[in-house]
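Chemist: Below is a structure I'd like to ask you about.
The values are calculated or read from the model by the stated rules, or taken from the named source; none is laboratory data. All figures in this text were calculated on a predicted structure; none of them were measured in a lab. Please note: Cβ atoms are built from the backbone with ideal geometry, for glycine as well, and neighbour counts cover all protein chains shown. Heavy atoms of the whole protein, side chains included, go into the accessibility calculation; ligands, DNA and RNA do not. Shrake-Rupley method; radii C 1.70, N 1.55, O 1.52, S 1.80 Å.
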Amino acid sequence: MALCVMDTARALACRDGTAATNLKLISIFVIFFTSVIGITLPVFLARFLFHGKQVHDKAILIIKCFAAGVILSTSLVHVLPDAFTALSDCQVSSRHPWKDFPFSGLVTLIGVLTALLVDLTATSHVESHQNHAEGYAVVGNSEELGILSKKIDVEQQQREAEELVKLKQRLVSQVLEIGIIFHSVIIGVTLGMSQNQCTIRPLVAALSFHQIFEGMGLGGCIAQAGFSFGTTAYMSFMFSVTTPMGIVLGMIVFSITGYDDTSPNALILEGLLGSLSSGILLYMALVDLIALDFFHNKLMSGQSSLKKVSFIVLVLGSTSMSILALWA
């Protein structure tokens, strides 16, 4: 209880509604601009700079490994600890049932299992269509027609395999964006509801770099998935505006209800959504990004130098995002 009183006194000393509002209005434009830079950079590199060149596939793989490191660090170093802290706050942890059970771990597990269920369902759906297509065969009794039929079957199987991989990559990008949007909304709403100028000022600078790295992570996956220009633009736009919209939503919620980011209900919502987001991002990083690229990617086979470079880039992405945890 004494700790709660000390924290409250420290927060009251920094509370200035006018200064906080001005900082939040500035942060909306700054975070939007940095988000656009982060997510469009890997897409631009893949679509215009490396497209059609021999290094295209390797460049996309390197970008995606950096993305995997960023997403993994986002889940374990940023989102999950924040969710645990929110549900461990003395205003929440002193109540039932929050003091009786580790809900942050449970909801993270639910997030992992939910991502797995979506992955399994989508993969089964695609494979069922592939098996249905394989049921058709070329009918003929001549030797030439038989050879042609086999050639067509091989080409069809190759096309279907490539289509399956592409659909998998698109699914990964879409589910990944859902997890990141959860995270971005939480960040935005929390910042928008806060009236603590001492917290907001350094947070804006840190979140700017945060959005650049997270945008590069998502942008790398979008670039590899090969979406159309319209879909790429839409996904990039949604990522870029989610955090600013969250800030506006948080400001509206505070003006209507008077709740701020330290209220028990706000902390519970932040903790639950953060835990769910952490589980989704954790699954996507480990299963659909790292495991898929390092163990099931043809480019990695027999190229030890590419494996080493990919691992170094993975560590670099994780390290870069982890260092930002010092400020945000």
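Chemist: Consider region 225-261. How many of its residues are out of contact with any Ser or Thr (no Cβ under 8 Å at 6 or more places or on another chain) and polar (S, T, N, Q)?
Modeler: Adding up the residues that qualify gives 5.
Chemist: Does at least one position in region 264-276 carry a residue that is within 30 Å of Phe311 (Cβ to Cβ), part of a helix (DSSP H, G or I) and open to solvent by 20 Å² or more (accessible area, probe 1.4 Å)?
Modeler: Yes: region 264-276 contains one or more residues that are within 30 Å of Phe311 (Cβ to Cβ), part of a helix (DSSP H, G or I) and open to solvent by 20 Å² or more (accessible area, probe 1.4 Å).
Chemist: Right, something else. Mind checking which residues of region 169-213 are free of Cβ contacts under 8 Å to residues at least 60 places away in the same chain and either basic (Lys, Arg) or within 26 Å of Ile256 (Cα to Cα) (or both)?
Modeler: Within region 169-213, Arg170, Ile187 meet the criteria.
Chemist: Any residue in region 168-179 that is in a helix (DSSP H, G or I), touching a Gly at 6+ places or on another chain (Cβ under 8 Å), modelled with pLDDT under 65 and not basic (Lys, Arg)?
Modeler: Taking every residue of region 168-179 in turn, none turns out to be in a helix (DSSP H, G or I), touching a Gly at 6+ places or on another chain (Cβ under 8 Å), modelled with pLDDT under 65 and not basic (Lys, Arg).
Chemist: Right, something else. How many of the residues making up region 181-202 are at pLDDT below 70 and open to solvent by less than 10 Å² (accessible area, probe 1.4 Å)?
Modeler: Residues flagged as at pLDDT below 70 and open to solvent by less than 10 Å² (accessible area, probe 1.4 Å) within region 181-202 amount to 0.
Chemist: Whether any residue in region 113-131 is charged (D, E, K, R), modelled with pLDDT under 80 and farther than 19 Å from Phe227 by Cα is what I want to check. Write out each step before concluding.
Modeler: In the first step, residues of region 113-131 are kept if they are charged (D, E, K, R); the result is 119, 127.
From the residues that got through so far, the ones that are modelled with pLDDT under 80 too are 119, 127.
Cutting the leftovers down to farther than 19 Å from Phe227 by Cα gives us 127.
There is at least one residue in region 113-131 that is charged (D, E, K, R), modelled with pLDDT under 80 and farther than 19 Å from Phe227 by Cα.
Chemist: Go through region 167-180 and give me each residue that's open to solvent by less than 50 Å² (accessible area, probe 1.4 Å), aliphatic (A, V, I, L, M) and within 16 Å of Phe239 (Cβ to Cβ).
Modeler: Once the filter is applied, which keeps residues that are open to solvent by less than 50 Å² (accessible area, probe 1.4 Å), aliphatic (A, V, I, L, M) and within 16 Å of Phe239 (Cβ to Cβ), region 167-180 yields Val172, Val175, Leu176, Ile180.
Chemist: I'd like to know if region 221-230 contains one or more residues that are part of a helix (DSSP H, G or I), farther than 19 Å from Ala115 by Cα and in contact (Cβ under 8 Å) with a residue 12 or more places away in the chain.
Modeler: Yes: region 221-230 contains one or more residues that are part of a helix (DSSP H, G or I), farther than 19 Å from Ala115 by Cα and in contact (Cβ under 8 Å) with a residue 12 or more places away in the chain.
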